[in-house]
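Nothing in this text is a laboratory measurement; each read-out follows from the coordinates by a stated rule. Please read all numbers here as calculations on a predicted model, not as lab measurements.
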Amino acid sequence: MRLYSLSVLYKGDPKALLLRAAYDVSTFSFFQRTSVQEFMTFTSQLIVERSEKGSRASVKEQGYLCHVYVRNDSLAGVVIADSEYPSRVAFTLLEKVLDDFSKQVDSIHWPVGSSAASHYTALDGYLSTYQNPREADPMSKVQAELDETKIILHNTMESLLERGEKIDDLVSKSEVLGIQSKAFYKTARKQNSCCAVM
């Protein structure tokens, strides 16, 4: 899971204006980085221009997903990530970034892209923080913990079932236990196994 680009744009008529952007192109070849960054900027502007105000969308291109959120006030954000990055986390990030940007940069500066937008420096921090969605997003962290607990519980149940099967074998082979003890064990076993594990 990886984030490559986080951009804040203004949806003008007819063009989208890039106000601020942060990129992580470290996984690309050194000689390709400038071209990749320019392509991400172009793609972000194009997606915002073709999106309606008040909309959210995800556009898939090869192994990448471009998540776009255009607010009703024409402020827009685009995240470019790999296809494994959770969409919910990407849209949470976009909402946080756009709220933060609108609080720090007055809306009169958006259509002209003045120097006030260039003083907004939080994008790099957001980009690095959200590289690991499990750490950045509380819901993802809880989901990961639940998945781990589920795996542990499943393994524990499997080991208990294996142990239970071995005990059954021992009881049936035992010569010391009487017929009544074996009958009691089998009845108790049936009573305790009312719930099947899937």
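Using the alpha carbon gyration tensor of the stretch 1-99, what are the three equivalent-ellipsoid semi-axes (square root of 5 times each eigenvalue), largest first, in whole Å?
On the way: eigenvalues 87, 46, 25 Å².
In descending order, the three semi-axes are 21, 15, 11 Å.
Less than 5 angstrom separates the built amide H of Y85 from those of R2, all sequence-distant by 5 or more or on a different chain.
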